[in-house]
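Reading through the structure tokens given below for one structure.
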Amino acid sequence: MLADHLDKQGHSVAVVDQDAKSFRKLGPDFGGLTVKGVGFDRQTLENAGIERAHAFAAVSSGDNTNILAARVARETYGVEHVVARIYDPRRAEVYQRLGIPTVATVTWTSTQIMRALLPMGADTQYTDPTGTIALAEVHIGPNWIGRRVSDFAAETQARVAFITRYGTALLPEDKTVIQDGDLLHLLFPADQRDEIENVAQKGPVRN
């Protein structure tokens, strides 16, 4: 899916896999290169064009393979943008501290499932180094449906950074109307979290 998406955007894409049958999963219109081999083998990577690569994603089913491939791409070939998919959340934290960007698949998936099971409250996505400002995904109560973003901001004193709607992020305007299923991503003082969550759930005081 990643390779097809990048290819459709006009990027030059090469896919490496030690099982040639895996290339059948690519879309019928995929115009990139397919190379059979191990993702951390230098000759395989060079056959795939690693020496002129702008970015490298290690997304095999093995954590060790992914991190080794990511390190080879970055440290041996100097690829600027490198990311590794890691299933073990503890390993992901270690590699992040080593400066290797990772996507912790299990952590991300479990978080999304939790948000579907328990949609109350706010899920913090970022806190500034001083702990003063937080960015959080907030589920809103039904009383906000049909109200404008400007009303929500005025009531909560939080800034709506963006909205996730049907899986797509959008930048709201003051006149944007909140719809059922919207996830609001808010910037607010970290010490006001409880008050903002409460207003987001209960709805506006003023009608």
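Quick note: the coordinates plus some simple rules give every number you see, no bench work behind them. What you see is a predicted model, and the numbers here were worked out from it, not measured in a lab. We place every Cβ from the backbone using ideal geometry, glycine too, and count neighbours over all the protein chains shown.
So how many Lys-Lys pairs in the chain land under 27 Å Cα to Cα, not counting same-chain pairs under 8 apart?
So the count works out to 6.
Grab the DSSP H runs of the chain that are 4 residues or longer, score each as -39,500 (n - 2.57), total them, divide by all residues and round the 222 nm result to the nearest 500 deg cm²/dmol.
One gets -8500 deg cm²/dmol as the mean residue ellipticity at 222 nm.
At q = 0.09, 0.14, 0.18 Å⁻¹, what log₁₀ I(q)/I(0) does a Debye calculation on the Cα points of the chain give, no solvent, two decimals?
-0.51, -0.93, -1.14
Using the C-alpha gyration tensor of the range 45-99, what are the square roots of 5 times its eigenvalues, in whole angstrom, with the largest one first? Don't skip to the end; give the middle numbers.
Details: eigenvalues 82, 27, 12 Å².
Taking √(5λ) for each eigenvalue gives 20, 12, 8 Å, largest first.
Using the alpha-carbon atoms, what tilt in degrees (0 to 90, nearest 10) does helix 193-202 show relative to the longest principal axis of the chain?
Once rounded, the angle reads 70 degrees.
Counting alpha carbon pairs within less than 8 Å and at least 6 residues apart, what relative contact order, in whole percent, applies to the chain?
13
Taking 0.36 nm per intervening residue step and subtracting the Cα-Cα distance, what contour gain separates D41 from S22 on full extension?
Working: separation 19, 0.36 × 19 = 6.84 nm, distance 1.81 nm.
Separation in residues times 0.36 nm, less the Cα-Cα distance, equals 5.0 nm.
Pulled fully out, how much extra length does the chain show between L170 and M1, if you take 0.36 nm times their separation in residues and subtract their Cα-Cα distance?
58.6 nm
Rounded to the nearest 0.05, what FRET efficiency is calculated for A153 and E75 with R0 set to 35 Å and r the Cβ-Cβ distance?
Plugging the Cβ-Cβ distance into 1/(1 + (r/R0)^6) gives 0.15.
Scan the range 152-207 for trypsin sites (Lys or Arg not before Pro) in coil per DSSP, keeping those whose Cβ has at most 10 other Cβ atoms within 10 Å, and list them by number.
Values: sites: R159, R165, K175, R193, K202, R206; in loops: K175, R206.
For trypsin sites (Lys or Arg not before Pro) across the range 152-207 that sit outside H, G, I, E and B with at most 10 neighbouring Cβ atoms in 10 Å, the list reads K175, R206.
Find how much the distance from D180 to I133 grows on full extension, using 0.36 nm per residue of separation minus their present alpha carbon separation; answer in nm with one decimal.
Numbers: separation 47, 0.36 × 47 = 16.92 nm, distance 2.70 nm.
14.2 nm is the gain from fully extending D180 to I133.
Where both partners of a DSSP beta bridge lie in the chain, what percent of those bridges are antiparallel, to the nearest 5? Please list the in-between numbers first.
Numbers: 21 of 32 bridges.
That works out to approximately 65 percent antiparallel.
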